[in-house]
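Participant: Please read through the structure below; I'll follow up with questions.
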Amino acid sequence: MDHWSFFAGLIACLLLWTLAIYLLHRLSHWRHRWNPLFALHRAHHRKPYLRSLPKPARPRWPQYLLWFGDWPSSVDVWINMSLPLVAIALAFPAFGLPLLALHWAYEVFLSEEILDHNPRVQGAWTRVFAWGDYHLHHHAVPKRNFGLLITLWDHVFGTARNPPPGSALHRIEARLAMRPKPPLAGGAGSR
């Protein structure tokens, strides 16, 4: 197989994988008592992603095993992202195995605070990749922006909404401003 054929096959499998994860993510938002994907994915939306971190944390050792802190979050990633790619790797190992390596590296080193849930990632990148402001907009408006890696399928199926640059960061700052301030030391009621 020449380089161009390999590249074309890799892109085709990447598009197939991102379509599968888009559809599974969308299905995960279908609220029904018999939908186990909804029950699992609901835990992901309960996490306080709209927060401002001074700098991203380094991966902890369980993340190297694709463990994300609890069963619902981990199984959600395994079913919605890993399982479709394992099926592609079984069908097309020459293309699926490199994509599995990319998926593992992305989940361990780049997702969460670095790209996916980082409000400082905004602008032109978020028109192509479902990162930062684009993905955090999904957490604010769960019926939009279902893409987990790329925005293509949101555009194809009409669920894309490009938020104004920095809107996620503005929501975080507004939420932090609404928090009650701790009492000052030595003031009334202190000991």
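Participant: HIS44: modelled with pLDDT under 85, under 13 Å from the mean Cα position of the chain (by Cα) and part of a helix (DSSP H, G or I), yes or no?
Facilitator: Yes: the conditions hold for HIS44.
Participant: While we're on this one: Determine whether TRP67 is loosely packed, with under 15 Cβ neighbours inside 10 Å and over 25 Å from ARG161 (Cα atoms).
Facilitator: no
Participant: Quick test for you: out of LEU99, LEU24, pick the one residue that is touching a Phe, Trp or Tyr at 6+ places or on another chain (Cβ under 7 Å) and in contact (Cβ under 8 Å) with a residue 24 or more places away in the chain.
Facilitator: One residue alone meets the criteria, LEU99.
Participant: Only residues in the stretch 59-73 that are under 23 Å from ARG42 (Cβ atoms) count as the first member; pair them with residues that are among the small types (Gly, Ala, Ser), Cβ under 6 angstrom, at least 6 apart or cross-chain, and list the lot.
Facilitator: Every condition considered, the pairs that remain are TRP67/SER74; PHE68/SER74; PRO72/ALA43; SER73/ALA43.
Participant: Only one of ALA20, ALA39 is surrounded by 14 or more Cβ atoms within 10 Å (Cβ to Cβ) and at pLDDT below 90. Can you tell me which?
Facilitator: Going through ALA20, ALA39 in turn, the sole match is ALA39.
A quick yes/no check of all residues on (1) outside any helix (DSSP H, G or I); (2) under 11 Å from the mean Cα position of the chain (by Cα); (3) closer than 22 Å to ARG26 by Cα:
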{"position": "LEU97", "(1), (2), (3)": "no, no, no"}
{"position": "ALA101", "(1), (2), (3)": "no, no, no"}
{"position": "PHE109", "(1), (2), (3)": "no, no, no"}
{"position": "GLU113", "(1), (2), (3)": "yes, yes, no"}
{"position": "ASN118", "(1), (2), (3)": "yes, yes, yes"}
{"position": "GLN122", "(1), (2), (3)": "yes, no, no"}
{"position": "LEU136", "(1), (2), (3)": "no, yes, yes"}
{"position": "ARG144", "(1), (2), (3)": "yes, no, yes"}
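Participant: Now a separate question. From VAL77, VAL108, which residue is surrounded by 12 or more Cβ atoms within 10 Å (Cβ to Cβ), closer than 21 Å to HIS137 by Cα, among the aliphatic types (A, V, I, L, M) and modelled with pLDDT under 95?
Facilitator: VAL77 is the lone residue from the list that is surrounded by 12 or more Cβ atoms within 10 Å (Cβ to Cβ), closer than 21 Å to HIS137 by Cα, among the aliphatic types (A, V, I, L, M) and modelled with pLDDT under 95.
Participant: Kindly provide the set of residues from the stretch 127-153 that are modelled with pLDDT under 90 and surrounded by fewer than 22 Cβ atoms within 10 Å (Cβ to Cβ), ordered by number.
Facilitator: Scanning the stretch 127-153 gives HIS139, ALA140, VAL141, PRO142.
Participant: Count, please, the residues in the stretch 154-171 that happen to be outside any helix (DSSP H, G or I) and at pLDDT 90 or above.
Facilitator: Residues in the stretch 154-171 being outside any helix (DSSP H, G or I) and at pLDDT 90 or above: 4 in total.
The values are calculated or read from the model by the stated rules, or taken from the named source; none is laboratory data. Note that the coordinates shown come from a computational prediction; the quantities given were computed from them, not determined experimentally. Virtual Cβ from ideal backbone geometry, glycine too; neighbours counted across all protein chains shown.
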